[in-house]
Structures are given as C-alpha cells and as structure tokens.
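Chemist: Before I ask anything, here is the structure I am working with.
The values are calculated or read from the model by the stated rules, or taken from the named source; none is laboratory data. Note that the structure is predicted; figures quoted are calculated from it, not measured. Reconstructed Cβ throughout: ideal geometry from the backbone, glycine too, with neighbour counts over all protein chains shown. For the accessible areas, the whole protein counts, side chains as well, though only heavy atoms, and no ligand, DNA or RNA atoms are used. Shrake-Rupley method; radii C 1.70, N 1.55, O 1.52, S 1.80 Å.
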Amino acid sequence: MRIDFITCLPELLYSFFNYSIVKRAQSKGILTINVHNLRDYANNKHKQVDDYAYGVGAGMVLKIEPIDSCVQNLKKEREYDEVIYMTPDGEKLDQKMANTLSLKKNIIILCGHYKGVDQRVRDSLITKEVSIGDYVLSGGELAGAVLVDSIGRLIPGVLSDETSALTDSFQDNLLAPPIYTRPREYKGMEVPEVLLSGNDAKIEEWRSELALQKTKKFRPDLLT
Ligand code: SAM
C-alpha cells in the first residue's frame, strides 16, 4: 500500500512514521509513506500556501492552487483509490472504515491547517472526508497519523501474528476481554484460573463471555 501525505507541516509527521507498527510496515516493504510539503507547490516567492478567508471573520485558509498542483502531480504517476481530507466534519473513523481502507492500494491524505482548506478543494479533489472525533485539532497531521496507524496494523503481513488484530476491540462489535501476563499472582491479585487450564475451548468461552459483559457495561450501543 502507498500513502501520500500532503501537509504544510511535514516535520510533525516524520517522527511518528519512524516508530512502531508503521515503521515495521515500511521496513517490510508492505507500506510506503511519502510526505509532500505543500510549500514546494506554492508558485509565489514567499512559498505562501494560505490566504485570508473571503467575508468577515478571522482565520487563514489553505489555498487551492498548491493543493491542486500536488494532487495532479501525484495522479500523473499512478491511480489513487481515495483522496482523503482529514476534517472534523467528515465521516467518523471507526474500525470498519480502517478495515476497508487497509485493502486499498494507493491513497492520498490531505491535512488541513488554520481554518481548513478552500471549499473548492473539497468539491473537486476530495473523494472521502474523515474525522477522528468530535473535537477540533489545530491541524490534520495528528489526525492523519491516527488514520494511518489504524490502517497500517490491519494490512496483511504487518503484525507478526495476524490473528491479533482480529481479536481487538470493535472487530466484531465487541470490546476486547481482559488480558493477563506473568506473574501469576501480584500483591494478592490472581490471574483467572481458566486461563491457566490449558483448555482452549473453555478459554475461548470465557473470553467471549467477558467481552460480552464488558460491552454491555461500557458500550451497549455496539450491541444494537
Ligand atoms: N474550521 C474547521 C471546522 O470548524 O470544522 C476546523 C479547522 S481545524 C482548526 C484545522 C485542520 O485540522 C482541519 O482542516 C483538519 O485538517 C484538521 N482537524 C482538526 N480536527 C480534526 C478532527 N477531529 N478530525 C480530523 N481532522 C481534524
């Protein structure tokens, strides 16, 4: 899978892509991430990519020209399955969306800044708008990184044990059951006996039951 990020603050993304699962996916050659600095596509002396909003009100807006130029440049090289704009008024990211996007070949992720991007970018270039929650961040970089992390760990071959992602919360509309590791007893707190029984069927039954109980208690909405 190839992901092209378009941002006016590339520095915010570099460290994130050099650690953990996303780094592993890239080292294995399963995921390629390219970060494009919007300022490289500005056709003015000061590399300005934003301008004042039309009408009254404060705040700068990312201009359409550099974004269009960057997107067209990328599209000349390959076809893209999605051109995604990270925005608080987009479709809310969930595990289902991450599963679907993890099967795509090439995607572009556009990070907004300031008040956002000129509406004509959204009307003419964007195929999908994604929000990571009902709150407003200063820029789309962190939101885009969240999206890439959620997708990256689902791409076949990225996790050393692929079944691990399948047993995470939300994969089957349930929260994940409790998990334990050594020591067997800590300050009087014991690991549930069933997990030490070696009986796979019983362990599976226990996990399903606990996942259901936890979901009923904390996220009953997932069960409806
Ligand atoms: N004026 C916009 C609004 O009210 O919807 C908010 C702009 S926000 C300050 C700047 C940029 O941060 C957005 O263009 C978007 O790329 C990103 N952003 C902020 N919150 C986000 C969220 N919850 N999900 C995804 N992207 C977000």
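Chemist: Return the total of residues in the stretch 40-52 being out of contact with any Phe, Trp or Tyr (no Cβ under 9 Å at 6 or more places or on another chain) and either open to solvent by 90 Å² or more (accessible area, probe 1.4 Å) or closer than 15 Å to Val117 by Cβ (or both).
Modeler: Of the residues in the stretch 40-52, 9 are out of contact with any Phe, Trp or Tyr (no Cβ under 9 Å at 6 or more places or on another chain) and either open to solvent by 90 Å² or more (accessible area, probe 1.4 Å) or closer than 15 Å to Val117 by Cβ (or both).
Chemist: Look through the stretch 149-201, keep the residues that are among the basic types (Lys, Arg) and modelled with pLDDT of 95 or more, and return whichever of them is nearest to the chain's Cα centre (by Cα). I'd like the intermediate steps shown before the answer.
Modeler: From the stretch 149-201, those among the basic types (Lys, Arg) are 153, 182, 184, 187; that's our starting set.
After this cut, where a residue has to be modelled with pLDDT of 95 or more as well, the list is 182, 184, 187.
On the way: Arg182: 32, Arg184: 35, Lys187: 38 Å.
Across the stretch 149-201, the extreme among qualifying residues is Arg182.
Chemist: What are the pairs, 6+ residues apart or on separate chains, where a residue within the stretch 95-110 that is closer than 28 Å to Lys63 by Cα has its Cβ under 6 Å from a residue that is part of a helix (DSSP H, G or I) and within 16 Å of the ligand (Cβ to nearest atom)?
Modeler: Leu101/Ile151; Ile109/Gly144
Chemist: Next question, about the same structure. So Val121 clears everything in (1) of a type in the set (A, V, I, L, M); (2) surrounded by fewer than 15 Cβ atoms within 10 Å (Cβ to Cβ); (3) within 13 Å of the ligand (Cβ to nearest atom) except one condition, right? Which one?
Modeler: (2)
Chemist: Give me the pairs, please: first residue somewhere in the stretch 136-148 and touching a residue at least 24 places away in the same chain (Cβ under 8 Å) and near the ligand (Cβ under 6 Å from one of its atoms), second residue anywhere and in a helix (DSSP H, G or I) and open to solvent by 20 Å² or more (accessible area, probe 1.4 Å), beta-carbon distance under 9 Å, and either six or more positions apart or on two chains.
Modeler: If the second residue must be in a helix (DSSP H, G or I) and open to solvent by 20 Å² or more (accessible area, probe 1.4 Å), the pairs left are Gly139/Leu12.
Chemist: Also: Against the definition (out of contact with any Gly (no Cβ under 9 Å at 6 or more places or on another chain), more than 16 Å from the ligand (Cβ to nearest atom) and under 30 Å from Glu11 (Cβ atoms)), how does Leu159 come out, yes or no?
Modeler: Judged against the criteria, Leu159 is a match.
Chemist: OK, next. For the structure I just gave you, tell me whether Leu101 is more than 14 Å from the ligand (Cβ to nearest atom) and modelled with pLDDT under 95.
Modeler: Spelling it out, it is not the case that Leu101 is more than 14 Å from the ligand (Cβ to nearest atom) and modelled with pLDDT under 95.
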